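Beneath this line is the structure, given in structure tokens, with notes to follow.
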Amino acid sequence: MEEVITIRPIEPQDNAALAEIIRAGLTEFGANKPGTVYFDPTTDALFELFQTPRSYYFVATQNNRIVGGCGIFPTANLPEGTCELVKLYVNKDARGTGTGKKLMEKSMEWTKENGYNQVVNQLQILLHNHLECRRLSLQDNLVDNRQGSHQGSLSRHLPLNHRVHIVTGK
């Protein structure tokens, strides 16, 4: 039997489960370092953070269990009409199920409905994550996989066309 993935708005009681998923993901990829969201106090208070006007956070559940989340945030100093896709994390056990894709699609849909015309994403691409990025690119046509660095940050202004651009290596 196929497990249904449900996407819903964040609720106050989601904070602890989401913080656990975020920190587990960062630990898994060796990014649990000072200066990352691993140590950011807002990681434990996502519901409160996403009460900011023109922000939104979606939670993915399977069998009433939180398995991921993704948000839109009006980050300071971005051009008018631009927001940031933030805090996209999926539990290790839920990867490969389409959960991340559904979260991104729902987030992009929300940005269009709420007057944004560009999305910025800043993602750290780690060597461990390279094959997953390529798989998404080929199977889902959601990620534009371009040759570049295996590790580092990328920030791009994107038209709202349900695509997220990530630079990875071959």
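Working only within the range 50-61, note down all residues that are open to solvent by less than 40 Å² (accessible area, probe 1.4 Å) and either modelled with pLDDT under 95 or more than 17 Å from residue 5 (Cβ to Cβ) (or both). Break it down stepwise before answering.
The first filter runs over the range 50-61 and keeps only residues open to solvent by less than 40 Å² (accessible area, probe 1.4 Å), leaving 50, 55, 57-61.
Once the filter is applied, which keeps residues that are open to solvent by less than 40 Å² (accessible area, probe 1.4 Å) and either modelled with pLDDT under 95 or more than 17 Å from residue 5 (Cβ to Cβ) (or both), the range 50-61 yields 50, 55.
Across the range 11-43, what is the number of residues that are among the hydrophobic types (A, V, I, L, M, F, W, C), in a loop (DSSP other than H, G, I, E, B) and closer than 18 Å to residue 70 by Cβ?
Here is the first cut: in the range 11-43, the residues among the hydrophobic types (A, V, I, L, M, F, W, C) are 16-19, 21-22, 24, 26, 29, 31, 37, 39.
Next cut, in a loop (DSSP other than H, G, I, E, B) only: 29, 31, 37, 39.
Keeping just the survivors that are closer than 18 Å to residue 70 by Cβ gives 29, 31, 37.
Residues in the range 11-43 being among the hydrophobic types (A, V, I, L, M, F, W, C), in a loop (DSSP other than H, G, I, E, B) and closer than 18 Å to residue 70 by Cβ: 3 in total.
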Residue match in the range 74-82 (condition: surrounded by fewer than 19 Cβ atoms within 10 Å (Cβ to Cβ) and in a strand (DSSP E or B)): yes
Filtered residues of the range 44-56 (kept if assigned to a loop (DSSP other than H, G, I, E, B) and of a type outside the set (A, V, I, L, M, F, W, C)): 51, 52, 53, 54, 55
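The values are calculated or read from the model by the stated rules, or taken from the named source; none is laboratory data. A quick note: this is a predicted structure, and the numbers were derived from the prediction, not measured. Note that each Cβ is placed from the backbone with ideal geometry, even for glycine, and that neighbours are counted across all protein chains shown. Surface areas here come from the heavy atoms of the whole protein model, side chains and all, with no ligands, DNA or RNA. Shrake-Rupley method; radii C 1.70, N 1.55, O 1.52, S 1.80 Å.
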